[in-house]
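Here is the structure we will look at.
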Amino acid sequence: MATRRELLLAATGGCLIGRVWATDAGAAPEAEALASLPGKRPLIRRSFRPPNFETPLAELAAGFTSNDAFFVRYHLSVIPRIDPASWRLEVSGASAHRPLTLSLKDLQSGFEHAEVVAVNQCAGNRRGLFTPRVPGVQWGSGAMGNARWRGVRLREVLQRAGIASDALEVVFGGADAPVMPATPAFVKSLPVERALDENTLVAFEMNGRPLPHWNGAPARLVVPGWVGTYWTKHLTSIRIEPRAFDGFWMKTAYRVPTGAFPGVRFTSQETAETTPVTELMVNSLITSPVSGARLRRSAHAELAGKAWDAGAGIEGVEVSVDGGRSWRDATLQRDLGRFAWRDFRFVLDTSSAGRLDVAVRARSRNGAKQPDKLTPNPSGYHDNIVQTVSLEVA
Amino acid sequence: MKAALAHWRALAASALALGSAGGWLGAAEPQAPPQLQEETVQLKEAPGRELTAGRCNICHSLEYIPSNAPAMNRGVWQKEIQKMKDRFGAPITDEEAKQILDYLDGSYSGKS
């Protein structure tokens with residue numbers, strides 16, 4: 001796949017902004033192997049066990065990503081199917097005054113319900129497009145989706161347990177487990193301020209339906225604006241702690257070089273060298289036409305896609321058809337909320353025959369713009385560089 | 001490889017027994033479970049293949065190996081094996097680690 005992309009770039013004389021995407025038919029077969037998990041449509045299979053399945057581009061065109069097409073990402077292979085009636089959520093920790101245990105019914109009937117439309121995106125989305133390549137699940141652009149999440153505010157659950165004044169982090173555990181006992185359990189933490197944010201939910205519904213098994217049933221964390229690694233699935237334990245959590249998945253994994261990226265800092269976990277990946281970067285995705293598509297000369301043709309950021313909201317999306325020399329504004333569609341993605345459209349000029357390279361660049365209301373160059377980092381996170389699709393008018 | 005698969009199946013069976021409402025797979029779900037489909041993943045034939053497949057397969061399916069090949073060289077494979085052994089508790093002896101490294105580097109470094 002990389003070779004092919006390099007060839008495409010070479011064919012353009014290397015003058016393009018960003019990267020031409022190899023999303024057309026005929027992409028490397030291992031990159032597009034479709035397979036079904038029980039209850040899911042065929043998705044791009046990155047690994048069977050643990051299950052890592054990516055949403056195909058065509059399924060990302062909808063405003064809300066359908067539950068049975070939503071991407072699946074696990075680190076650990078033992079994933080019990082949980083009986084909602086026997087599921088329990090333990091809320092405790094050294095900074096919790098009144099530890100408590102909640103059933104699903106307690107959660108659903110004991111707290112005010114809250115909803116948020118938010119993008120859930122894996123930190124390593126597009127890792128497979130990194131140049132040079134980096135190890136890890138070789139995701140294309142579909143380790144993401146947008147959904148309406150419904151549940152209760154995490155802060156109300158924490159307040160019920162009583163938050164001591166020395167609380168520093170909140171630590172989350174799920175029911176998925178490793179095969180080998182020595183493998184670190186997938187435990188994540190959040191700064192207490194983010195845990196108390198009104199948008200952080202313990203969610204039990206996705207797009208009006210109970211959470212699918214593969215997306216964290218019966219309840220998961222929803223942390224709008226933050227990368228998917230914090231959205232703990234099959235949530236079973238919450239601990240309010242006065243100290244920085246030192247598990248493998250915080251201290252070693254999911255880290256980037258300190259200062260390399262914008263976004264909120266997770267200071268209790270930061271060292272001089274590395275810091276946890278936190279918020280999403282401003283980004284966009286062209287959903288159609290796909291790279292390599294042929295457009296009929298003088299026929300109406302429209303570019304369509306999505307733009308999103310960490311919650312400042314999308315201010316604009318610009319399109320260039322001349323290799324980045326000039327940019328024109330695309331039309332933004334309905335605003336589904338500041339943590340959601342925003343649809344955009346742009347009418348393409350098909351009056352002259354030949355190659356048409358279309359680049360798209362989103363900018364956030366906080367002033368951030370998609371960059372032209374990748375920021376190297378060993379784990380391949382935060383790929384938000386300007387995307388170019390290469391079309392043919394004939 | 002067979003032993004590792006049997007080991008995996010035993011684990012899957014115990015996970016199944018844990019779930020009170022039908023376990024891992026609901027009775028009405030028609031697709032083959034992923035742990036059966038994954039047997040279609042075949043590694044390249046070379047000395048060390050059975051050992052590599054058998055050890056890696058305990059915790060994860062094997063397509064991680066070919067899919068990561070474009071990102072790998074001997075040094076990166078060495079680090080990866082070390083991580084699996086030291087951080088993730090993979091039951092691999094030092095002698096086995098060397099054989100696995102030779103196999104992975106020989107068959108899956110920079111190639112797809």
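The values are calculated or read from the model by the stated rules, or taken from the named source; none is laboratory data. Everything quoted here is computed from the prediction, not taken from an experiment. Note that each Cβ is placed from the backbone with ideal geometry, even for glycine, and that neighbours are counted across all protein chains shown.
Counted as qualifying within segment B:58-112 are the helices (runs of 4 or more DSSP H) with 2 or more residues that are more than 16 Å from the chain's Cα centre (by Cα) and surrounded by fewer than 18 Cβ atoms within 10 Å (Cβ to Cβ), namely B:74-86, B:94-108. Of the residues making up segment A:91-127, those that are under 30 Å from A:Gln138 (Cα atoms) and in a strand (DSSP E or B) are A:Val116, A:Val117, A:Ala118, A:Val119, A:Asn120, A:Gln121.
Being at positive phi and out of contact with any Phe, Trp or Tyr (no Cβ under 8 Å at 6 or more places or on another chain) is a condition met by no residue of segment A:115-135.
Of the residues making up segment A:219-249, just one is in contact with a helix residue (DSSP H, G or I) (Cβ under 6 Å, 6 or more places away or on another chain) and closer than 22 Å to A:Cys122 by Cβ, namely A:Val223. Only a single item in (1) under 23 Å from A:Ala304 (Cα atoms); (2) in contact with a Lys or Arg (Cβ under 6 Å, 6 or more places away or on another chain); (3) buried (at least 23 other Cβ atoms within 10 Å of the Cβ) is not met by A:Thr65, and it is number (2).
Of the residues A:Arg209, A:Arg160, A:Arg220, which is farther than 15 Å from A:Leu76 by Cα, crowded, with 20+ Cβ neighbours inside 10 Å and among the charged types (D, E, K, R)? Walk me through how you get there before you give the answer.
Working: A:Arg209 fails: crowded, with 20+ Cβ neighbours inside 10 Å; A:Arg160 fails: crowded, with 20+ Cβ neighbours inside 10 Å.
From the options A:Arg209, A:Arg160, A:Arg220, the qualifying one is A:Arg220.
Take the conditions in a strand (DSSP E or B) and either in the same structural domain as A:Ala310 (by TED's automatic domain parsing) or not hydroxyl-bearing (Ser, Thr, Tyr) (or both) and apply them to A:Gly145. Does it pass? Yes; evaluated as a whole, the condition is true for this residue. When you scan segment A:193-215, do you find a residue that is assigned to a strand (DSSP E or B), within 14 Å of chain B (Cβ to nearest Cβ) and modelled with pLDDT of 95 or more, even just one? Yes, that holds for at least one residue. Does segment A:347-361 contain any residue that is exposed (fewer than 14 other Cβ atoms within 10 Å of the Cβ) and touching a Lys or Arg at 6+ places or on another chain (Cβ under 6 Å)? Scanning segment A:347-361, I find at least one residue that is exposed (fewer than 14 other Cβ atoms within 10 Å of the Cβ) and touching a Lys or Arg at 6+ places or on another chain (Cβ under 6 Å), so the answer is yes.
Working only within segment A:120-151, note down all residues that are closer than 25 Å to A:Gln108 by Cβ and surrounded by fewer than 23 Cβ atoms within 10 Å (Cβ to Cβ).
Let us first name the residues in segment A:120-151 that are closer than 25 Å to A:Gln108 by Cβ, namely A:120, A:145-151.
Answer for segment A:120-151, where residues must be closer than 25 Å to A:Gln108 by Cβ and surrounded by fewer than 23 Cβ atoms within 10 Å (Cβ to Cβ): A:Arg148, A:Arg150.
Run down A:Arg98, A:Arg133 and say which single residue is under 30 Å from B:Ile58 (Cα atoms) and of a type in the set (D, E, K, R). Outline the logic, then answer.
Details: A:Arg98 fails: under 30 Å from B:Ile58 (Cα atoms).
Answer to the check: A:Arg133.
For segment B:45-68, the tally of residues that are at the interface with chain A (Cβ under 9 Å from one of its Cβ atoms) and among the small types (Gly, Ala, Ser) stands at 2.
Counting only residues that are among the β-branched types (Val, Ile, Thr), touching a strand residue (DSSP E or B) at 6+ places or on another chain (Cβ under 7 Å) and under 30 Å from B:Pro66 (Cα atoms), how many does segment A:130-166 have? Residues meeting the conditions: 1. In a residue-by-residue description of segment A:100-111, the property of being surrounded by fewer than 17 Cβ atoms within 10 Å (Cβ to Cβ), more than 14 Å from chain B (Cβ to nearest Cβ), in contact (Cβ under 8 Å) with a residue 60 or more places away in the chain and in contact with a helix residue (DSSP H, G or I) (Cβ under 9 Å, 6 or more places away or on another chain) applies to at least one position.
Search segment A:163-172 for residues being part of a loop (DSSP other than H, G, I, E, B) and not small (Gly, Ala, Ser), and hand back the single one that is surrounded by the fewest Cβ atoms within 10 Å (Cβ to Cβ). Walk me through it before giving the result.
We begin by selecting, within segment A:163-172, every residue part of a loop (DSSP other than H, G, I, E, B); these are A:164-168.
Those left that are additionally not small (Gly, Ala, Ser): A:166, A:168.
Numbers: A:Asp166: 12, A:Leu168: 18.
The extreme case among them is A:Asp166.
Can you tell me which of (1) within 11 Å of another protein chain (Cβ to nearest Cβ); (2) of a type outside the set (Gly, Ala, Ser); (3) farther than 30 Å from A:Gln333 by Cβ; (4) buried (at least 19 other Cβ atoms within 10 Å of the Cβ) is the one A:Pro84 doesn't meet? Against the list (1) within 11 Å of another protein chain (Cβ to nearest Cβ); (2) of a type outside the set (Gly, Ala, Ser); (3) farther than 30 Å from A:Gln333 by Cβ; (4) buried (at least 19 other Cβ atoms within 10 Å of the Cβ), A:Pro84 comes up short only on (4).
Applying the set (1) more than 7 Å from every other protein chain (Cβ to nearest Cβ); (2) farther than 23 Å from A:Arg73 by Cα; (3) out of contact with any helix residue (DSSP H, G or I) (no Cβ under 8 Å at 6 or more places or on another chain) to B:Gln82 leaves exactly one unmet item: (3).
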